[in-house]
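Comments concern the structure below.
The values are calculated or read from the model by the stated rules, or taken from the named source; none is laboratory data. On a predicted model such as this, the values are computed, not experimentally measured, just so you know. Heads up, the Cβs are rebuilt from the backbone with ideal geometry, glycines too, and the neighbour counts pull from every protein chain shown. Side chains included, ligands, DNA and RNA excluded: accessible areas come from the protein's heavy atoms. Shrake-Rupley method; radii C 1.70, N 1.55, O 1.52, S 1.80 Å.
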Amino acid sequence: MELDTVIRGGLVVNADACVRADVGIVGEQVVALGESLPAARREIDARGKLVMPGGVDSHCHIEQVSSFGILCADDFHSATVSAAFGGTTTVIPFCAQHRGDHIPEVLSDYHRRAAEKAVIDYGFHLIVANPDEQTLATDLPAAIETGVRSFKIFMTYDRMRLQDEQILDVLMTARRHGALVMVHAENHGIISWLAGRMVGQGNVLPRYHAICHTRSSEAEAINRVIALAEVVDTPILIVHVSTIEGVAAIREARARGVKVYGETCPQYLFLTAKDIDRGLEGAMFCCSPPPRDEAAQQACWQGLKDGALAVYSSDHAPYRYDASGKLPKGEKTTFKEMANGVPGLELRLPLLFTNGVGSGRISLNEFVQLTATRHADLYGLARKGRIAPGCDADIALWDPDKRVTVDAALLHDNTGYTPYAGRELKGWPVMVFSRGECIIDQLGAPGEILAQRGRGRFIARERTDAVSPANRMIPEMAQLAAWGNAL
Ligand code: URP
Ligand code: ZN
Ligand code: ZN
């Protein structure tokens, strides 16, 4: 078989092994991995480079209206271009149902916008804010049938949060139809009560955001939603875990056999609450939950090492430092009014490479596992997240020695700033393939995106073992079953 492309002589890194091999590509797929592959139409010299699966970012907000009612700064073009420049070749952003919205319309709206603009492949999660009978009985099962196999629910935010009974309803639906429920776990009462008091006293700067989102608010909500998930024996994934207590709660539940997965993000490994404490400009570092301290960073690293945290995602939530995002009331904006979130699609991988692989905290294989393979496995992307015959040729060539000083002007999103400005990074993706097509080539000099708008494809995701119940009953449910009753 004649090969279209051979990536020759690099170190191929998968989650389970590193091998020095050539990668042969025909059309959109990898067809061969081995030494001395025959000549191809296109030959890429990868000597001295790492050949890694393109990243899969399973948590990012793109062209989405947030829980504050604010449209984020990136559309499906700018966000996916930015992701690609950072070595990510698949994203799973959210289709957001707001109260009163109907899921079929929400889905078709996001599908239309993404299909016009995305340059890399994408799936979708559904944010469920309105779990009424129509949504639960008809619309969510229908969405799952189309390959939208994960929901995000919120335990905080006035416009989004669900009550415990509603969470149980969503969990039951997910269990019946095989979807993964992602949970934004923070205790709403603690946060809103504290925030009300702070604002009432005139304490409105961003630094109070970090005070109000207490560590205990994350810990309480994680423990509560784990208890809810145990009642109905439904797997859950806690997103953006930021605290020692949160990581410990997930680890402890997993040790008991509960199917709970955890996720953390760059802002919890590389920022702290001190970054928010810089007057109004602290808004650029405000996200929920907020960055904490060095001890919490260590706990997140440890969670990534021991599996309490399964994935590392960006939670890219881009808002400009102006009236369109962070400062709707200009200098008078209180921390309660500013859009929540930080950008991270493009720097997610380079930050982890420098600070994880470069420092010896994680291996190259763990890097690939945390940034690509496990996302693909948990969320049902069978052809993504690994370099192997039969998989999509979604590949990033990394120059492990390339040094970059982070500057917002180098990045491709629309946020206009980066929380990581000035950081010195070593290791950078210099060439990126998406389904066999070279979409970024910076091997020589910095280059433009080579991909056409709209070339990215929607990926209908498959059911994975991650969503199968653990078959573990709490005593009350076991008693119910013994009596011959069911939920
Ligand atoms: O602050 C954040 N994380 N904003 C994005 C929305 C969310 O909660 O994930
Ligand atoms: Zn969230
Ligand atoms: Zn998010």
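Counting only strands (runs of 3 or more DSSP E) that sit wholly inside segment 6-56, those with at least 1 residues that are loosely packed, with under 14 Cβ neighbours inside 10 Å and at pLDDT 95 or above are 18-26, 29-34, 40-45.
Checking the conditions here, which among 390, 344 is open to solvent by less than 30 Å² (accessible area, probe 1.4 Å) and either within 16 Å of ligand 1 (Cβ to nearest atom) or small (Gly, Ala, Ser) (or both)? I'd like the intermediate steps shown before the answer.
On the way: 390 fails: open to solvent by less than 30 Å² (accessible area, probe 1.4 Å).
Just one listed residue meets the conditions, 344.
Of the residues making up segment 140-181, those that are among the acidic types (Asp, Glu) and either more than 24 Å from the chain's Cα centre (by Cα) or within 16 Å of ligand 3 (Cβ to nearest atom) (or both) are 164, 165, 169. When we screen 194, 237 for residues that are aliphatic (A, V, I, L, M), outside any helix (DSSP H, G or I) and closer than 26 Å to residue 295 by Cα, the only hit is 237.
Per-residue answers, yes or no, for (1) in contact with a Cys (Cβ under 7 Å, 6 or more places away or on another chain); (2) open to solvent by less than 60 Å² (accessible area, probe 1.4 Å); (3) among the charged types (D, E, K, R); (4) under 19 Å from residue 372 (Cβ atoms):
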position	(1), (2), (3), (4)
435	no, yes, yes, yes
440	no, yes, no, yes
443	no, no, no, no
447	no, yes, no, no
454	no, yes, no, no
470	no, yes, no, no
481	no, yes, no, no
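Identify the residue in segment 250-282 that is open to solvent by 10 Å² or more (accessible area, probe 1.4 Å) and among the aliphatic types (A, V, I, L, M) and, among all such residues, is farthest from residue 154 (Cα to Cα). Going through the qualifying residues, I end up with 280.
Quick grid of which residues meet (1) in a loop (DSSP other than H, G, I, E, B); (2) open to solvent by 10 Å² or more (accessible area, probe 1.4 Å); (3) within 16 Å of ligand 2 (Cβ to nearest atom); (4) among the aliphatic types (A, V, I, L, M):
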{"position": "245", "(1), (2), (3), (4)": "no, yes, no, no"}
{"position": "248", "(1), (2), (3), (4)": "no, yes, no, yes"}
{"position": "287", "(1), (2), (3), (4)": "yes, no, yes, no"}
{"position": "291", "(1), (2), (3), (4)": "yes, no, yes, no"}
{"position": "295", "(1), (2), (3), (4)": "no, yes, no, yes"}
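Of all the criteria given as (1) of a type in the set (Gly, Ala, Ser); (2) under 19 Å from residue 209 (Cα atoms); (3) open to solvent by less than 10 Å² (accessible area, probe 1.4 Å), the one not satisfied by residue 313 is (2). When segment 311-336 is limited to residues that are hydrophobic (A, V, I, L, M, F, W, C) and more than 12 Å from the chain's Cα centre (by Cα), the one that is farthest from ligand 3 (Cβ to nearest atom) turns out to be 323.
State yes or no: is residue 339 of a type in the set (A, V, I, L, M, F, W, C), within 19 Å of the chain's Cα centre (by Cα) and within 16 Å of ligand 2 (Cβ to nearest atom)? Judged against the criteria, residue 339 is a match. The single residue among 268, 261 that is of a type outside the set (Val, Ile, Thr), within 14 Å of ligand 1 (Cβ to nearest atom), under 21 Å from the mean Cα position of the chain (by Cα) and not in a loop (DSSP other than H, G, I, E, B) turns out to be 268.
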